[in-house]
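A.B. asks: Got a structure here, written out as structure tokens. Questions coming.
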Amino acid sequence: MSEYSAPTQFIDLAAQQKLIRPQLDLAISRVLDHGQYIMGPEVKEFEGQLREFTGAKHALTCANGTDALTLVLMAWGIGQGDAVFVPSFTYVATAEAPAQLGATPFFVDVCEDTFNIDPQSFKQAIIDSRELGLKPAAVIAVDLFGQPADVDGITEIAHAEGIKVLVDGAQSFGGSSKGRKVGCMGDATTTSFFPAKPLGCYGDGGAVFTSSEEDKELINSIRLHGKGSEKYDNVRIGLNSRLDTIQAAILIEKLKVFPNELEARGDLAKAYAKNLADSDICLPTVEAGNVSAWAQFTVKTPFRADVMHALKAVGIPTAIYYPKPLHLQGGYSHYPVVSSGITNSENLSETVFSLPMHPYVVDADLHAKNIAKALRETSPN
Ligand SMILES: Cc1ncc(COP(=O)(O)O)c(C=O)c1O
């Protein structure tokens, strides 16, 4: 290693586990003792805590963040002939959920500064979809890298056209916009508890948030094989999509340290903003009124390969989210794209990379200074 500080992990799950290991061991032991591995008491308890944390009226856990999207779309009756508008610059699950249901993911561009869905591009895509004979049915606004999307802007356009708004908050749990926590925006919100997410379990997990009583009932039925009033009464086609009791028990313990972790993520983001302000890389923009959960700290530079290489040389790991927009992916390139173009998504996939982001960086300021120094040494200017 060089004169720089001890190597920082890109995401450090081990540091968090070390901090709360005794509580986790006890929580898992309690589940082993009572033996209710499926829909046990911890699942209900955690759902109550999710409601309390977010302020959402209903919170239903499920097997993962992809199923969470699918559950909502199924409850809304989305299928063949329906256009579901999705940003092209996102994780594949956002488009996978509507595609799996036989609906058409319709690709929309994102804003180049926030990385989130562009309301103007969405507006154009609605017109385009009708010309293709599709019914504009739903839009999935992704809170990319932790920052809430412009849900108000999207909702205004969507509701005027009878389109439902689903917020994909897989990366933004813990964030907020204009005082509303993620979970309280759109017609429904989903999240993921994949281990690397801001609130992650030790396996797969997800949740749906809604204020609609009707959607809550439907989603509860769908996640339990389309269950009716009795266990072996199947009133609709559903899924097997439940959060394991052991994962709920783990999440209950992790939620206790989550507020501190969110603060530490925010402090690291501030340290990056302060120390990298004069560098050649372009820093992420957080819109006024938004609080990001900082799932990732994603920067832009036309010299991405060189910069990532220089950081690697001084022990700083980086990663690219996402190297290819969805409309160019083999499995998705046959789906329609907004007629005004998807240039921001294409440009971003060639220029973005993410710096280490987790709550357990030992000295955020020193770490950010080390990165600034390495960047100065590679600067072409
Ligand atoms: C934006 C987005 N949507 C959906 C998902 C799907 O979540 P999961 O991996 O829990 O299925 C992810 C996570 O990987 C994601 O980042």
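A.B. asks: Exceeding 25 Å between C-alpha atoms, which entries from my cross-link table qualify? They are 123/178; 254/312; 274/373; 44/256. Could you put the intermediate results ahead of the total?
C.D. replies: Details: 123/178 23 Å; 254/312 31 Å; 274/373 13 Å; 44/256 16 Å.
From 123/178; 254/312; 274/373; 44/256, over 25 Å: 254/312.
A.B. asks: Among 161, 350, 47, which one shows the biggest mean-square fluctuation in a GNM of the chain, springs joining Cα atoms closer than 10 Å?
C.D. replies: Evaluated over the chain, the most mobile residue of the options is 161.
A.B. asks: Where is the GNM fluctuation largest for the chain (alpha-carbon springs, 10 angstrom cutoff): 88, 212, 354?
C.D. replies: Result: 212 has the largest fluctuation of those listed.
A.B. asks: Per 0.36 nm of contour for each residue apart, how much would the distance between residue 274 and residue 9 grow if the chain were fully extended, relative to their Cα-Cα spacing?
C.D. replies: Separation in residues times 0.36 nm, less the Cα-Cα distance, equals 93.3 nm.
A.B. asks: Something else: Can you work out the FRET efficiency for the pair residue 20 and residue 51, with r the C-beta to C-beta distance and R0 = 22 Å, to the nearest 0.05?
C.D. replies: 0.45
A.B. asks: Compute the distance in nm between two label points, each set 7 Å from the Cα along the Cα-to-Cβ direction, one at residue 257 and one at residue 39.
C.D. replies: 3.2
A.B. asks: Among 224-233, 304-313, 49-58, how do they line up from the highest to the lowest mean number of other beta-carbon atoms within 10 Å?
C.D. replies: On the way: 224-233: 12.1, 304-313: 15.5, 49-58: 17.6.
Taking the mean over residues of other Cβ atoms within 10 Å, the ranking is 49-58, 304-313, 224-233.
A.B. asks: Any chance you could check the Cα centroid distance between the range 268-323 and the range 162-212 for me, in angstrom?
C.D. replies: Using only Cα atoms to place each centre, the spacing works out to 24 Å.
A.B. asks: Taking springs between alpha-carbon atoms closer than 10 angstrom, which of 69, 243, 19 fluctuates most in the Gaussian network model of the chain?
C.D. replies: 19
A.B. asks: I would also like to ask the following. Cross-link partners among aspartates and glutamates for residue 57, C-alpha distance below 17 Å, same-chain residues fewer than 8 apart left out?
C.D. replies: 45, 47, 187, 213, 214, 215, 217
A.B. asks: Given a Förster distance of 45 Å, report the FRET efficiency between residue 267 and residue 213 from their Cβ-Cβ distance, rounded to the nearest 0.05.
C.D. replies: The calculated FRET efficiency here is 0.70.
A.B. asks: What are the ³J(HN,Hα) couplings of the range 99-104, residue after residue, when phi is run through the Karplus curve with 6.51, -1.76, 1.60 and θ = phi - 60°? Round to Hz, x for glycine and proline.
C.D. replies: 4, 4, 8, x, 7, 9
A.B. asks: Using a basic spin-label model with each label point 7 Å from the Cα along Cα→Cβ, how many nm lie between residue 196 and residue 282?
C.D. replies: Computed distance between label sites residue 196 and residue 282 equals 2.4 nm.
A.B. asks: Mind sorting 334, 367, 34 by how few other Cβ atoms lie within 10 Å of their own Cβ, fewest first? Display every interim value, and only then the final one.
C.D. replies: On the way: 334 8, 367 22, 34 12.
Listed from fewest to most nearby Cβ atoms, that is 334, 34, 367.
A.B. asks: Can you give the helix-only mean residue ellipticity at 222 nm for the chain, where every DSSP H stretch with n ≥ 4 adds -39500 (n - 2.57) and the sum goes over all residues, rounded to the nearest 500 deg cm²/dmol?
C.D. replies: -13000 deg cm²/dmol
A.B. asks: Note down the net charge around residue 281, summing +1 for each Lys or Arg and -1 for each Asp or Glu among other residues with Cβ under 10 Å from its Cβ.
C.D. replies: That sum, taken over residues with Cβ under 10 Å, equals +1.
A.B. asks: Tell me, what ³J(HN,Hα) does each residue in the range 243-255 have, in order and in whole Hz, if you take phi through Karplus 6.51 cos²θ - 1.76 cosθ + 1.60 with θ = phi - 60° and put x for Gly and Pro?
C.D. replies: Taking θ as phi minus 60°, the curve returns 7, 4, 4, 4, 5, 4, 4, 5, 5, 4, 5, 5, 5 Hz for the range 243-255.
A.B. asks: Using the Karplus curve 6.51 cos²θ - 1.76 cosθ + 1.60 with θ = phi - 60°, what ³J(HN,Hα) values do you get for each residue of the range 299-312, in whole Hz, with x for Gly and Pro?
C.D. replies: 10, 10, 7, x, 9, 3, 4, 5, 5, 5, 5, 5, 5, 4
Read-outs: derived from the displayed coordinates by stated rules, not from any lab. What you see is a predicted model; the values in this text were computed from it and never measured. When we count neighbours, we look across all protein chains shown, and the Cβ atoms used for this are built from the backbone with ideal geometry, even at glycine.
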